Amino acid sequence: MLTAEHDDRGLVRVVEVMGRRSEVRYERPPAGFDLEAACRTIEDAFLTLIPDAVARLAVDDLAACVALSYYRSDALSFEVHGATEDERAALAAIDAQAAWSPADFEASTDVDLDDAGSVRLVRQELALLDAGDLDAAAGSEVGRRLLCAVAARLNLRDWSDTLPVADDFVVYPVDLELVDLERNLADCLPPDRLARLRERGLL
């Protein structure tokens with residue numbers, strides 16, 4: 001059952017009640033809400049949350065990569081996956097794209113994204129952008145670019161205090177269908193690192 005709350009300015013909140021559970025389906029942004037500023041705040045929060053999640057990964061050898069895997073409709077809902085050098089090499093022997101497929105990695109963990117402040121509200125606003133622009137998927141593109149910006153910054157991080165990593169260790173976001181893989185890698189890795197990955201047959 002959906003219940004709606006209103007005030008003199010209009011709709012305030014829509015809540016879905018399911019037995020004893022309830023979930024907010026829509027909440028009016030506060031006065032002065034700035035979507036771009038909220039995205040920057042979330043980006044900064046992810047820079048702490050993701051390394052904390054990576055530290056929980058059960059990786060038993062040098063890590064070759066960490067993937068932030070998402071559904072294309074909502075890049076800001078993601079899981080963290082990790083692969084070792086041997087694991088990625090074995091997958092690459094099957095298919096170059098398989099080496100980047102988080103669904104095939106053994107190690108994974110969740111991220112408590114609610115700790116990123118206004119992430120639920122930002123997800124809502126991006127979904128509304130998509131609903132108003134079905135062809136361009138504007139909201140989904142904002143979420144994708146945000147994750148790429150986070151990954152680019154994480155690729156500058158010293159990971160030695162978090163987990164043992166290979167020399168060519170990379171962090172990258174990717175949708176589970178791998179549709180966004182190549183452009184995401186181009187957005188979060190410098191050209192020379194992309195070139196080295198291609199030389200190794202990983203792309």
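With all protein chains kept in place, the per residue accessible area of segment 96-201 amounts to 49 square angstrom at a probe of 1.4 angstrom. For L62, nonlocal amide neighbours, meaning residues 5 or more places apart or on other chains whose placed amide H falls under 5 Å from its own, are E85. Placing unit charges on each Cβ (+1 for Lys and Arg, -1 for Asp and Glu) gives the chain a dipole about its Cα centre, and among G32, S101, L49 the Cα reaching farthest toward its positive end belongs to G32.
Please arrange R145, R120 by accessible surface area, largest first, computed with a 1.4 Å probe and ligands excluded. Write down the numbers at each step before the final one.
Working: R145 125, R120 80 Å².
Sorted descending by solvent-accessible area, the residues read R145, R120.
Note on mean projected area of the Cα convex hull in nm²: of the candidates (i) 13.4; (ii) 12.7; (iii) 15.5, the value calculated from this structure sits at (i).
With an 8 Å Cα cut-off and a minimum separation of 6 or more residues, compute the relative contact order for segment 1-85 in percent. Working shown, then result.
Working: 91 pairs, mean separation 14.2, N = 85.
Relative contact order comes out at 17 percent.
Taking Cβ atoms as reference points and 11 Å as the exclusive limit, the residues near R145 contribute a net charge of -2, counting Lys and Arg as +1 and Asp and Glu as -1.
Highest mobility in the GNM of the chain, judged by mean-square fluctuation with C-alpha springs under 10 Å and restricted to G139, G32, G82, is found for G32.
Using the Cα centre as the reference, give the magnitude of the dipole from point charges on the C-beta atoms of the chain (Lys, Arg: +1; Asp, Glu: -1; all else neutral), rounded to the nearest 20 debye. It would help to have the intermediate numbers written out before the result.
On the way: 21 positive and 41 negative charges, 72 e Å.
So the magnitude is around 340 debye.
Exposure check, 1.4 Å probe, all protein chains in place: E199 carries approximately 150 Å² of accessible surface.
The values are calculated or read from the model by the stated rules, or taken from the named source; none is laboratory data. Because the structure is predicted, anything quoted here is derived from the model rather than measured. Every residue, glycine as well, gets a Cβ built from its backbone with ideal geometry; the counts of neighbours run over all protein chains shown. Please note that ligands, DNA and RNA were not included when accessible areas were found on the heavy atoms of the full protein model with its side chains. Shrake-Rupley method; radii C 1.70, N 1.55, O 1.52, S 1.80 Å.
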